[in-house]
Amino acid sequence: MTIPYPNTQPVPAIAAVTPPSGASRPRVTFLGTGYLGATYAICYAELGYEVLGFDVDADKIAKLNAGEVPIHEPGLDELLRRNLAAGRLRFSTNIAETAEFGDVHFICVGTPQRADGMGADLSYVEASVTGLAQHLTRKALIVGKSTVPVGTAEWVEQLVGKHTPADLGVEVAWSPEFLQEGFAVDDVLRPNRIVVGVKSEWANGMLYAAHKGVFDLAATEDREVPLVVTDFATAELVKVAANAFLATKISFINAMAEVCEASGGDVTQLAKAIGYDPRIGNRFLQAGLGFGGACLPKDIRAFQARAQELGAGEALRFLHEVDLINLRRRTRVLQLAADLLGRRSGPAGPDLSGTRIAVLGATFKPNTDDVRDAPALAVAALLHKAGANVHVYDPQGMENARRAVPELTYEPDMAEAVTGADLVCVLTEWADFRNADPSHLGDLVAGRRIVDARNCLDPALWTQAGWEYRGMGRP
Ligand code: UDX
């Protein structure tokens, strides 16, 4: 498959439209009920739309129809049950039913990193679009939400053209999402902007109608949600550019942490001081173990791969450095552990055999159960590989962590994890860990040594309680 070079086009106006189903508001479907699709489906029902969520995974669909959210996301359970009961929301594995139901179909399937390189794997996009298109019997709008390489929307349009009769007039649009795990419900109901890539006034009108619930909610709360209407290529690029910027900001401060480590500075003070400049801003300047999760790492790699294909590889070469800085933070924790435990490093890294290490945190950030590309879990695995006996506790991520890295020992609570430990590593900044009592934990451990890989503890408090403390980029 070759993704076409995107065409530039004028931005169309918003037309007043009647949904092809004859309903007063467009009926919406979400294809793929993973993190993105499930959250959107549930929240759009909450906004008053008639919604159908589709997935090929029968287990997931059965759970959702039974009122069970397959992910940990604050507030979502209650909204799911309320909207199922109201009859506005249901889930199905039947693609013909999905095609028949919807006016606007949002594609929300995953676009993981390809097994054979840095680019995005578009096979789920291809399968869902093709499956849907083959069953459409009237005009509809297919809207991509998944994060994709620029040019994908054009390719999806070609796919749709191949699988639907021209006289149906099925159209394509792109509307990226900017959900943060842990805040996903609010990010859907109260987004800080809506971006749509469209080619026709009809598509623009349908998308406007499909987002009107969001604009209406904002009006009742005396807010405004900015709408950016643009071409396909820009809409696709907005998402990856935003994630590349966020990743760069995090790696920037982590690079400063490296310099602080070499020079005796304190990166937490440095971040605070530069963040007061409104041009810089203080958010996303938390130096520590770096970024992980299902988006930032894979998105910056796919963005580089796509830029390379387009002949613009040089423009994004810095993202390679962003990735390297990020990964170096993981080995830094290993070094700090070896230092505190008095172990020397050989060519293969430190030998930690015979030590017991408590790892607090497995998820890629707090308030989620997601361990995909989690720096915490990667460090736990590195410590284990270096010979340490690693005992892990995470408030929500235990099940997923155990499945991903079964060779570690998982403990039912923080006390069990730290009991008898020679070293404690805080790798995800859960509130439970931030608020832990250093004296109480000190009574349980074999040695009062702590690596605070998220700079989330008060060094003075821990040092006073007799702990040897190491942070990231702090003296
Ligand atoms: C991110 C984007 O924020 C979101 O807009 C996009 O839609 C999907 O990707 P998410 O993956 O949920 O969202 O996590 P985010 O809150 O952005 O954090 C990403 C990672 O960066 C986490 O591992 C977090 O611990 C780390 N991080 C974040 C830092 O290391 N320092 C910071 O200052 C901020």
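The values are calculated or read from the model by the stated rules, or taken from the named source; none is laboratory data. It should be emphasised that the depicted structure is a prediction, and the values quoted were computed from it without experimental measurement. Cβ sites come from the backbone with ideal geometry, for glycine too, and all protein chains shown count toward neighbours.
Residues in the range 310-327 include at least one that is under 21 Å from V426 (Cβ atoms) and in contact with a Pro (Cβ under 8 Å, 6 or more places away or on another chain).
Could you check how many residues of the range 217-267 are closer than 30 Å to G288 by Cα, of a type in the set (G, A, S) and out of contact with any Gly (no Cβ under 6 Å at 6 or more places or on another chain)? Summing the residues that are closer than 30 Å to G288 by Cα, of a type in the set (G, A, S) and out of contact with any Gly (no Cβ under 6 Å at 6 or more places or on another chain) in the range 217-267 gives 10.
Residue-by-condition table, conditions (1) crowded, with 21+ Cβ neighbours inside 10 Å; (2) out of contact with any Gly (no Cβ under 9 Å at 6 or more places or on another chain); (3) among the charged types (D, E, K, R); (4) in contact (Cβ under 8 Å) with a residue 12 or more places away in the chain:
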residue	(1), (2), (3), (4)
M398	no, yes, no, yes
T419	no, yes, no, yes
D432	no, yes, yes, yes
N435	no, yes, no, no
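Considering only the range 167-181, I want to know if a residue exists there that is assigned to a helix (DSSP H, G or I), over 16 Å from H105 (Cα atoms) and either of a type outside the set (V, I, T) or in contact with a helix residue (DSSP H, G or I) (Cβ under 6 Å, 6 or more places away or on another chain) (or both). Looking through the range 167-181, at least one residue is assigned to a helix (DSSP H, G or I), over 16 Å from H105 (Cα atoms) and either of a type outside the set (V, I, T) or in contact with a helix residue (DSSP H, G or I) (Cβ under 6 Å, 6 or more places away or on another chain) (or both).
Of the residues that make up the range 371-381, is at least one of a type in the set (K, R), crowded, with 17+ Cβ neighbours inside 10 Å, modelled with pLDDT of 95 or more and assigned to a loop (DSSP other than H, G, I, E, B)?
Checked the range 371-381: at least one residue is of a type in the set (K, R), crowded, with 17+ Cβ neighbours inside 10 Å, modelled with pLDDT of 95 or more and assigned to a loop (DSSP other than H, G, I, E, B).
Could you go through the range 186-203 and let me know if any residue there is part of a helix (DSSP H, G or I), within 16 Å of the ligand (Cβ to nearest atom) and either among the aromatic types (F, W, Y) or more than 27 Å from E50 (Cβ to Cβ) (or both). Checked against the condition, which is being part of a helix (DSSP H, G or I), within 16 Å of the ligand (Cβ to nearest atom) and either among the aromatic types (F, W, Y) or more than 27 Å from E50 (Cβ to Cβ) (or both), the range 186-203 yields no hits at all. Restricting to the range 346-365, name every residue that is at negative phi and in contact (Cβ under 8 Å) with a residue 60 or more places away in the chain. T355, R356, I357, A358, V359, L360, A362, T363, F364, K365 - these are the residues of the range 346-365 that are at negative phi and in contact (Cβ under 8 Å) with a residue 60 or more places away in the chain.
Scan the range 440-459 for residues that are aliphatic (A, V, I, L, M), surrounded by fewer than 22 Cβ atoms within 10 Å (Cβ to Cβ) and either over 20 Å from D339 (Cα atoms) or within 16 Å of the ligand (Cβ to nearest atom) (or both) and the total you get is 2. Selection of the range 281-328 for residues being over 15 Å from V240 (Cα atoms) and part of a helix (DSSP H, G or I) yields E309, E314, E321, L324, I325, N326, L327, R328. None of A96, A85, A120 is more than 25 Å from T152 (Cα to Cα) and out of contact with any Phe, Trp or Tyr (no Cβ under 6 Å at 6 or more places or on another chain) except A85.
Quick test for you: out of F106, F54, F91, pick the one residue that is over 19 Å from S175 (Cβ atoms) and crowded, with 20+ Cβ neighbours inside 10 Å. After ruling out the rest, the residue left standing is F91.
Screening E126 against (1) in a helix (DSSP H, G or I); (2) of a type in the set (D, E, K, R); (3) farther than 24 Å from N94 by Cα leaves a single unmet condition, (3).
Residues of the range 242-258 that are without any contact (Cβ under 8 Å) to a residue 40 or more places away in the chain and either closer than 18 Å to V148 by Cα or away from the ligand (no atom under 13 Å from the Cβ) (or both): F245 alone.
Within the range 152-177, residues that are more than 17 Å from A127 (Cβ to Cβ) and within 16 Å of the ligand (Cβ to nearest atom) reach partners that are in a helix (DSSP H, G or I) and among the aromatic types (F, W, Y) with beta carbons closer than 8 Å, at six or more positions or on different chains, in the pairs W174/F232; E177/Y40. For the range 446-464, filtered to residues that are charged (D, E, K, R) and over 18 Å from Q286 (Cβ atoms), the residue that is farthest from the chain's Cα centre (by Cα) is R448. The condition of being more than 30 Å from G397 (Cα to Cα), more than 14 Å from the ligand (Cβ to nearest atom), at pLDDT 95 or above and buried (at least 16 other Cβ atoms within 10 Å of the Cβ) holds for only one of D266, D277, that being D266.
You will find that of L237, L217, the residue that is in a helix (DSSP H, G or I), at pLDDT 95 or above and within 16 Å of the ligand (Cβ to nearest atom) is L237 and no other. Restricting attention to the range 289-320 and to residues that are closer than 13 Å to F252 by Cβ and within 13 Å of the ligand (Cβ to nearest atom), the residue that is surrounded by the most Cβ atoms within 10 Å (Cβ to Cβ) turns out to be G290.
In the range 19-33, the condition of being within 24 Å of P366 (Cα to Cα) and either buried (at least 17 other Cβ atoms within 10 Å of the Cβ) or modelled with pLDDT of 95 or more (or both) is met by at least one residue.
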